[in-house]
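Structure first, commentary second.
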Amino acid sequence: MADPMKIRASAKEGITEVKILMSHEMETGQRKDAAGALIPAHFITEVSAEHNGKQVLAAQFGTAVSKNPYLAFKFKGGAKGDKLAVSWVDNKGDKRTDEVQIA
Amino acid sequence: MNLQRREALKAGGGLGLFGLLAAAGLITPGQARAEWNKSAFDAKTIEETLKALGASAPANSADVQITAPDIAENGAVVPVGVVSALAGVEAIAILIEKNPNPLAASFMLPAGTEAAVQTRVKMGQTSDVYALVKVGGQFLMTKKEIKVTLGGCGG
Amino acid sequence: MHSIVQAALAAATLGLAGAALAQGSTMDEIAKYREMLADGNPAELLEAKGEDLWKKPRGPKNASLEQCDMGLGPGKLEGAYAQLPRYFADTKKVMDAESRVVHCMVSLQGFTQEEATRNWYSRPGRESDIEALVTYIGAKSNGEKINVPARHPEEARMAKIGEHIFYRRSGPQDFSCAICHGQEGKRIRLQELGNLTTQAGAGTAMGNWPSYRVSQGAVWTMQRRLIDCMRQARWPEPTYLSDSIIALEVFLQKTASGTVMQTPGIKR
Amino acid sequence: MTRTIARLALAAAGLALLPGFAQAQKNAPNNDLAAQAEQVFRSSFRADNPKYWMTRLDQDEAMRLCSQYRDNPPPKLRAQIEKAQAATIRYPVEGKLIGDWKEGEKLAAVGTGGHIGFIQPDPPGRVRGGNCYACHQLAKKEVAYGTIGPSLHHFGKLRGTSDEIVKYTYDKIYNSNAFTACTNMPRFGLHSWLTPEQITHIVAFLVDPESPVNKD
C-alpha cells in the first residue's frame, strides 16, 4: 500500500494554506532499467482536496510532475480544527487518502 | 479516516478518483466531473496541448505570473508556481515546451480557491515554461524561461 | 527577491563589470531554487516511515528497536546522531549511526546481518528500511550541536585514519577528498564545496545529512554519500559500513564539532 | 623552453608554494599510523571488486608523495616530481597539437566515464569526457562552471596561438604535474583518460579564435 502523505494546513486571516507531499515514484515510462528495458509509466493522475466535504482543489498530473509530488494551494475559509482530506489515484489504480485537522 | 470510507475507496476499482470520492461521500455528485485529460497529457506540442485543453489562441497577460527560479540546480525537481490576482480563476495549467509531453499538471479551482498553486516538475532541458489560466471562460497565458544546469561532479 | 534587488543596487552603485553581475545573479537564482525546495522536503515522508519502523515489532524476535542504544542509553534518540560515530564497549568498535542501527536489527530483532543490510540504499521500486530509520534518527538531532571529540583511543585512532584517507590520492583522475574539499570558497559546477578541513566547512557538510537528493529522488545517508564520493573518484566500491567510511566520518564529525545540525536536508 | 612558458610555470609554482611546507611537514602523519591507515583503507573494499578495479587504489610515486605531503611537498621533492612528470608527456603521431574545437567543446562538458563499482557504474561504452566545466569557466554561455581551477574564458584571446602557448596547453592537459606538482588537476594524458588526439581538440577549444571560449 502507498505510504501516507504529509499534509500541512493552516488557517490565517480567513485563508487556509495547504501544502502536500505525496510519496510516489512518478515513473515517466521513458526511463530504462539497468538491463536496458523500459520501466513502465507509474504516476499519480488525479489529486483532490476537500474541506469539510467540499472540494477545494482538483488537480490532474502528467508524468512530468516530480517524484514525491509537492502541491501547495490556498482557499478562502477554513478554521482551526476543520477537516481537510486529500486523495490521489495513480494510473495503475493505486490510491491513498489522508486527512488532517487545519491548524 | 473511518473504516467504511477506506473500504469504499478500496472497492472503487475503475471509477476514477472523482467517482471514488463521490462513492465515499467525500464530495457531492455534482462536483464529480472531468476525467483525466488523456489527449491533453499525450499531446506533443504546446499547440496540440492548448487545443486539447480547449484553449486555442490564449492571450498573453501580465495578470498571470510564474513564480520559479530562472535557473534550476537540477532538472528532476523544478519548483513552479502560478499566481494571478484576477478574480474568478477557474483553472490553471503548467506546460513545459521542450518536454516530450508539454502538459505537466492542470488544476481546477472551485469558487473560493485562490489562483495560487505551486508544484514541482521535471524538465529534460532548458525550456520556456507556460502558465495557462482560465477565467470567465477566457484563456490567458504567460511564459518564462527556466535554465536547467548540469551540476556536481558530473556523473 | 530582496537579495537580488540588493545585488542589483550594489552593482549599479559600484559600476561592477557585467560578468560579475551575471554570475551574482546566477548564484542568486540558485539560492531562490533552493529556498523554494526547502519548504516541503520529501525526506519528511521517510522520517515518518522511519519512526514507524523504529516502534513496530519486527524480525524473528518480533521486537521493536525502542531499546536500541545509539550511544546515549537504550531508546535515547534525542541528540544521539550528533554524537556519532563513537566507541561502543559492547561491540568494542567505533560505530556510526548506520552500523549501530544494523547492530540493533541483528541483536534485538534477530535479523541476520545480510538481511539487515541487503537494502541499505533504495532504488526505484525497492525501498530501504535503513534509509528511513536513519532519516528518523538523524532528525532527532535536528538543532543539536555535533559533538564528536574522539577522546577514546579507538576514536582518536579512527580520526587519524580518516584524515589519512582524506588526503590519499589515487585512481585515473588523481583524486583525493582534499582536492575538492580542502580549500575555501570553491565551486564544482554551481555547487559550493565545503572546506572540510575547517569547522564551518565540515559543519555545513555533515550537519545536513541524511539529505534528500533531488537529482537522485532519494534520501542519502552519510555512508551512501561517502561511498558515492569514492565512486566519483573512480575507485572500486567500498564495503557498506566498512572502517574506512566510519574513519572518514569520525574525522569529519570531529572537525565539525560545535556546529548545529539541520537535518534532514535537501540538496541537488 | 621559452620565456613565456617558464614564466607561466614559475607563476604557478610560486602560487602553490606560498603556504610554505613547514605546515605540511608538521601535518604529515607518522609512518606507523600511515601503514595502519593504508591497511584499513585497502581492506575496506568489497571482496568482489575485480582485481583490475582494485589496481586503481595503487599509487605511483607522485600520488604517494602528494598524499604524504598533503599536496604541498618541499621544494626539492616538488622539482623532482615535476621533472619526472614532464618526461611522461607523449604527442600525437602526426605531431599536430591543435585539433577541432567543436570536438573539444563536447569533451569539456562531459563529466561521465570511468565510474566503476556495483551501485552506479557507467554503462559500457559511456563517453569519457574532460569534465573541464566542473572546475573552470570556459565559454561564457555555460553558466554552470566550477571555480576549483582558474577561469579559462578568453584563454586564447589573452595568450595568442603561438607554438609555445599551444605546446604549454597540450602539456598541461596531458600532465598537469609537469608544471605544478600535486595540483588538483588530473593528469589526463598520463592515465590515458583522454587520448592525445582528444587533448588536441580541447587545446583547440581553448586557443582557436573561432571557439566560443574566445568569443563574447
| message | Projecting each Cα onto the charge dipole of the protein assembly as shown (Lys/Arg +1, Asp/Glu -1 at the beta carbon, about the Cα centre), which of C:Ala116, B:Leu86, C:Ala97 comes out farthest on the positive side? | response | C:Ala97
| remark: accessible surface per residue for the protein assembly as shown, probe 1.4 Å, DNA/RNA/ligands not counted, whole Å² -> 43
| query | Under a GNM of chain A (C-alpha, springs under 10 Å), which listed residue has the highest mean-square fluctuation: A:Ala85, A:Ala58, A:Ala37? | reply | A:Ala37
| query | If contacts are Cα pairs under 8 angstrom and at least 6 residues apart, what is the relative contact order of chain A in percent? | reply | 33
| query | In percent, how large is the relative contact order of chain D, given Cα pairs closer than 8 Å and 6 or more residues apart? | reply | 26
| field | Fully extended contour minus Cα-Cα distance, from C:Ala31 to C:Lys55, at 0.36 nm per residue | value | 4.9 nm
| query | Quick one: if you stick a label point 7 Å off each Cα along the C-beta vector at B:Asp63 and D:Leu33, how many nm between them? | reply | 7.1
| request: Excluding residues on the same chain fewer than 8 positions from A:Lys54, give the lysines whose Cα lies under 24 Å from its Cα. | output: A:Lys6, A:Lys12, A:Lys19, A:Lys74, A:Lys76, A:Lys80, A:Lys83, A:Lys95, B:Lys10, B:Lys134
| message | Tell me which cysteines of the protein assembly as shown come out unpaired when the rule is another cysteine's Cβ under 4.7 Å. | response | B:Cys153, C:Cys177, C:Cys180, C:Cys229, D:Cys132, D:Cys135
| query | What is the dipole size for the protein assembly as shown, taken about its Cα centre, with +1 at each Lys and Arg Cβ and -1 at each Asp and Glu Cβ, in debye to the nearest 20? | reply | 740
| remark: In the range B:36-148 the DSSP beta bridges are antiparallel at a rate, in percent to nearest 5, of 90
| field | Most positive-pole-ward Cα, D:His153, C:Ser128, C:Pro264, against dipole of the protein assembly as shown from beta carbon charges | value | D:His153
| query | Relative to the Cα centre, what is the charge dipole magnitude of the range B:36-148, using +1 at the beta carbon of each Lys and Arg, -1 at the beta carbon of each Asp and Glu, and rounding to the nearest 20 debye? | reply | 200
| task | Taking all protein chains together and a probe of 1.4 Å, list A:Asp82, D:Asp100 from the most accessible to the least accessible. | result | D:Asp100, A:Asp82
| remark: Residues other than D:Tyr133 with Cβ under 13 Å of its Cβ, Lys/Arg counted +1 and Asp/Glu -1, net out at +3
| note | Magnitude of the Cβ-charge dipole (Lys and Arg +1, Asp and Glu -1) of chain C about the Cα centre, nearest 20 debye, reported as 440
| So which lysines can D:Lys96 reach, going by Cα to Cα under 28 Å and dropping same-chain residues fewer than 8 places off? | D:Lys83, D:Lys106, D:Lys140, D:Lys157, D:Lys167, D:Lys172, D:Lys215
| message | Excluding ligands, DNA and RNA, what is the accessible area buried between chains C and D, summed over both sides, using a 1.4 Å probe, to the nearest 100 Å²? | response | 4500
| remark: When every protein chain stays in place and a 1.4 Å probe is rolled, C:Cys177, D:Cys182 sorted by accessible area with the largest first are C:Cys177, D:Cys182
| said: Just to be sure I understand the model, the point goes 7 Å from the Cα along the line to the Cβ. What's the resulting B:Glu145 to D:Tyr91 distance in nm? | reply: 4.3
| task | Would you mind giving the total buried accessible surface between chains B and C, with a 1.4 Å probe and ligands, DNA and RNA left out, rounded to the nearest 100 Å²? | result | 1900
| query | Rounded to the nearest 0.05, what FRET efficiency is calculated for C:Ser107 and D:Ile119 with R0 set to 30 Å and r the Cβ-Cβ distance? | reply | 0.65
| request: Please label the shape of the protein assembly as shown as rounded, prolate or oblate, based on the square roots a ≥ b ≥ c of the eigenvalues of the alpha-carbon gyration tensor (a/c under 1.5 means rounded; beyond that, a/b larger than b/c means prolate, else oblate). | output: oblate
| message | Quick check: pseudo-label points 7 Å beyond the Cα along Cα→Cβ at D:Ala47 and A:Ala35, how many nm apart are they? | response | 2.8
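The values are calculated or read from the model by the stated rules, or taken from the named source; none is laboratory data. Since this is a predicted model, take the numbers as computed values, not measurements. Backbone-built Cβ (ideal geometry, glycine too); neighbour counts: all protein chains shown. Accessible surface areas use protein heavy atoms only, side chains included; no ligands, DNA or RNA. Shrake-Rupley method; radii C 1.70, N 1.55, O 1.52, S 1.80 Å.
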